[in-house]
1. Ranked from highest to lowest mean number of other Cβ atoms within 10 Å per residue, what is the order of the peptides 357-370, 183-196?
2. Run the quick spin-label model on residue 124 and residue 390: label points 7 Å from Cα toward the beta carbon, then report their separation in nm to one decimal.
3. Considering Cα pairs under 8 angstrom that are at least six residues apart, work out the relative contact order of the range 100-397 and quote it in whole percent.
4. Set the Förster radius R0 to 35 Å, insert the Cβ-Cβ distance between residue 43 and residue 89 as r into 1/(1 + (r/R0)^6), and round the FRET efficiency to 0.05.
5. Past 29 Å, Cα to Cα, is the threshold; run 81/265; 65/398; 81/262; 122/303; 65/116 against it and keep the listed order.
6. Calculated FRET efficiency, residue 308 and residue 201, Cβ-Cβ r, R0 30 Å, to nearest 0.05?
7. As an exercise, use a Förster radius of 45 Å and the Cβ-Cβ distance of residue 57 and residue 137 to find the FRET efficiency, rounded to the nearest 0.05.
8. How many angstrom lie between the Cα centre of the range 259-323 and the Cα centre of the range 329-396?
Amino acid sequence: MKVLQIVSTFCFIAFFGLLSAQELSDEVKHKIGKVENSLSPSVISGSKEVPAFNILERMKELHVKGVSIAVINNYAIEWTKAYGYADEEENRKADINTLFQAASISKTINSLGFMKLVQQGKIDLDQNINNYLKSWKFPYDSISKNKIITSRNLLSHSAGLGVSGFGGYERTVVIPDIVQVLNGAFPANSKAVRSIKEPGIAFDYSGGGTVISQLILTDTSGQEYEEFMKKEVFNPLQMSHSTYSVRNDTLNIASGYYSDGKKVKGKYHLYPEFSAAGLWTTPEDLAKYMIECQLTLQGKSEKVLSRKYMKERFTPVVNYNESKVALGVFHRYKNGAYYFNHNGGNEGFTCASYGSLDKGYGVVVMTNSNNPELMLEICNSVARVYEWDRFFVPQFTK
């Protein structure tokens, strides 16, 4: 009987959530329970009361197979927890070390590595990008109106470039190199990255522009992209679960699912556009990055960048609605307060990250689902339970 109870308890924990190995206080455990039962959308229709959804029930309703969360409080990771499946058909449970695709959150990590080269004096953010491109040159035309594109433009989506995002590649097909991606040449499945308006005048989200920054990084550093990022970003921040290479199934990686619960063909797509969409990581690793940003801005750490260059990275370049866009970082407007943010969505994956600019708290949520609804409700729940400044102010509609 006792053996059955132990096995039953283990199975319950394995499915309903795997906590980090750290010993948690009763207060933190209580907060976790509240977070798990306080999910809500920001816009509430047909009611004057704020709902308090349960995370497991919402996962089932929204066909989300797996979720992983890291919560930051007082400049430290307070807890991490995973729910559901990395792969339902294989009966592989998600745990806190399961790798998810970071999708466009890759861009914010890319900008940190790129700014390392700026700090080293190897790149000037305001010079012509063709000064640094060696293996390919950007083909200016009349659309850019004789204005140069700068690295500052690339990182802030103000370069006037097209190709907002990438669809990735099934694991069985030929994968293009970066020059083929930039030229829209076979076997690339995206258009060529070219000007759609003059640079420096407006925000136009361009994953294509981010890929140009990837080529500048490798051309300037003389290193492979993953080698450089591991040395300059992952190792200093102890992001030990972050990688761009997952060409086998031996790793603890999540399979992607669509919003109807169907699995992505071949489990997941590959993204040679590492800087824009290709990072595999965990919420804990991304939380380490966010804490480093917070501490560096406070002048309390410089594991990757000095305070001067981190502040440069966080300095807004262009506005986007009520938010502001810095270098690989969004200042997301929330009811009168700003949070630094980057979200992402790949084939079968969505993720979100929000952090306070000056108060040392934040959250990272990663899911293997195309539906972003759950991850945003979880962010709202964390903000409610931890009483974040003006993050969650629900709007009621009829």
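1. The peptides rank, most packed first, as 357-370, 183-196.
2. Output for this residue pair reads 3.9 nm.
3. 23 percent
4. 0.55
5. Working: 81/265 27 Å; 65/398 31 Å; 81/262 24 Å; 122/303 19 Å; 65/116 37 Å.
Beyond 29 Å: 65/398; 65/116.
6. 0.65
7. 0.25
8. What the calculation gives is 13 Å, centre to centre.
Bear in mind these aren't lab numbers, they're just calculated from the coordinates by the rules spelled out. Worth saying up front: this structure is predicted, and the values here are computed from it rather than measured. Using ideal geometry, Cβ is built from the backbone for each residue, glycine included, and neighbour counts are taken over all protein chains shown.
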